[in-house]
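The values are calculated or read from the model by the stated rules, or taken from the named source; none is laboratory data. No experiment lies behind these values; they were computed from the predicted model shown. Neighbour counts run over all protein chains shown; Cβ positions are idealised from the backbone, glycine included. The area values use the complete protein model at the heavy-atom level, side chains included, leaving out ligands, DNA and RNA. Shrake-Rupley method; radii C 1.70, N 1.55, O 1.52, S 1.80 Å.
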Amino acid sequence: MRVAIIGFGGIGRGYAAYLTAQGHEPVIWSPSGAALADFAGDASLTVTGKLETAVPLRVARDCAEAVAGAEAVIVTVQANGFKTVLDALAPHLVAGQSVIISAHCSFAALHLHRLLQERGVDVPIAAWATTALTARKSGPRSVHVSGIRAKLDVATLPVRHAQAGLDACRALFGDRFEPREDVLAIMLSNLNPPAHVANMLGNLTRAERGEDWPNYGSITQGVGRIVDAMDVERLALAGAFGLSVRSVQDHYVHSFGVAPGPVGEMAAAVYRNRPELLGPKTLDTRFITEDVPFGLVPLEALGQVAGVALPLHQAGIALFDAICARNFRAENDLLPALDLGRFSAAQLHRELRGD
């Protein structure tokens, strides 16, 4: 299958390697243009970790070239690039293609769906709760794949195309997907924002000083209690929309196979198995710059629509505004275009289902 991969950071590189190994034909578009320079000529991508190989790459000059003739399009950019990339992508999508957003955040699928509605184009937009693998750039022409997830939640907008979205995901990445009710369930299943925010608060000076610190090994009992308390708010928000989503404890059991218990204890068990995973060595990290404006802020917006108080989520936004001297609410460029204030909770839920 010909697949356009939009975005060429660690995840995009990992997908290119994995899909090539599975016999697919990925075509890369790097919005920054970096891939064109890095992979000029006959340069190949060197892959280490869970995949050990070198694969040739086809790099498109622009978005139109990447998407033309592709059966599926995977969007892998960081959250602060979603609106710009989706605005560039929408004019080139046609009926018969499938779009995968990996991983979905904020209201990205809804934004793309509306852009396509304006053009009269109806395609499945599959939203993943997280990425299919974990990977990082290890050099200008290399990537290290540290993990491939066995299970992954997915929902499709509009929901009438749920089977088509699921089929596209499985055709590319195999039978690892568990369908959820709708994109709102995916949005409310993202555990990264509370976990990352709590861990960054507990290890703020270590990150700011550039020290080595273990990611899961630094989720102490106190940090874990922050995650647990934020999870109570998230689950209450899901309940207000009539949805049942995994608790943070369920997530740890599901993703890491550890015994259930307080988050601090479960994180310690993960650390024993994955001690090599380090936390960020800077405040300029997606744990803050992505997870606050595109993780906590959208949940705050959902809470305002549903009338559910999220004091710890709001406190996290305020604290990191102060810590980083930034206005993270203003940095979410997807929310202003959606005008959520005009919806009731039921109306917004219907929007997110494409009903």
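So in segment 331-340, with the set limited to residues that are over 19 Å from H313 (Cα atoms) and either part of a helix (DSSP H, G or I) or in contact with a Cys (Cβ under 7 Å, 6 or more places away or on another chain) (or both), which one is least open to solvent (accessible area, probe 1.4 Å)? By that ranking, first place goes to L338.
Scanning segment 318-330 for residues that are open to solvent by less than 40 Å² (accessible area, probe 1.4 Å), at pLDDT 95 or above and touching a Lys or Arg at 6+ places or on another chain (Cβ under 7 Å) turns up nothing. When every residue of segment 112-122 is checked against the conditions, at least one turns out to be in contact (Cβ under 8 Å) with a residue 24 or more places away in the chain and either small (G, A, S) or not in a helix (DSSP H, G or I) (or both).
Could you please let me know if L296 is part of a helix (DSSP H, G or I), within 22 Å of the chain's Cα centre (by Cα) and closer than 13 Å to A238 by Cα? No, not satisfied.
Among the candidates A90, A135, A127, A109, the residue that is buried (at least 24 other Cβ atoms within 10 Å of the Cβ), touching a residue at least 24 places away in the same chain (Cβ under 8 Å) and assigned to a helix (DSSP H, G or I) is uniquely A109.
Kindly indicate the residue of segment 212-243 that is of a type in the set (V, I, T) and closer than 25 Å to E181 by Cα and also surrounded by the most Cβ atoms within 10 Å (Cβ to Cβ) among those meeting that condition. Restricting to residues being of a type in the set (V, I, T) and closer than 25 Å to E181 by Cα, the top hit is V227. Selection of segment 146-199 for residues being β-branched (V, I, T) and either surrounded by fewer than 24 Cβ atoms within 10 Å (Cβ to Cβ) or free of Cβ contacts under 8 Å to residues at least 12 places away in the same chain (or both) yields I148, V159.
Filtered by the rule that a residue be over 26 Å from H92 (Cβ atoms), under 18 Å from the mean Cα position of the chain (by Cα) and in a strand (DSSP E or B), segment 138-158 gives V145, S146, G147, I148, L152, D153.
Being among the basic types (K, R) and in contact with a strand residue (DSSP E or B) (Cβ under 7 Å, 6 or more places away or on another chain) holds for only one residue in R180, R234, and it is R180. Checking each residue in segment 94-106 for being modelled with pLDDT of 95 or more and surrounded by 24 or more Cβ atoms within 10 Å (Cβ to Cβ) picks out S98, V99, I100, I101.
Restricting A66, A54, A70 to residues that are more than 25 Å from F287 (Cβ to Cβ) and either open to solvent by 20 Å² or more (accessible area, probe 1.4 Å) or part of a strand (DSSP E or B) (or both) narrows the list to A54. Checked against the criterion of being in contact with a strand residue (DSSP E or B) (Cβ under 9 Å, 6 or more places away or on another chain), closer than 30 Å to L348 by Cα and open to solvent by 20 Å² or more (accessible area, probe 1.4 Å), the candidates R246, R274, R286 yield just one match: R246.
Among residues of segment 33-51 being open to solvent by 60 Å² or more (accessible area, probe 1.4 Å) and in contact (Cβ under 8 Å) with a residue 12 or more places away in the chain, the one that is farthest from V3 (Cα to Cα) is K50.
For first residues located in segment 9-20 and at negative phi, partners that are assigned to a loop (DSSP other than H, G, I, E, B) and lie 6+ apart or on another chain with Cβ distances below 6 Å form the pairs I11/T76; I11/T131; G12/T76; A17/L51.
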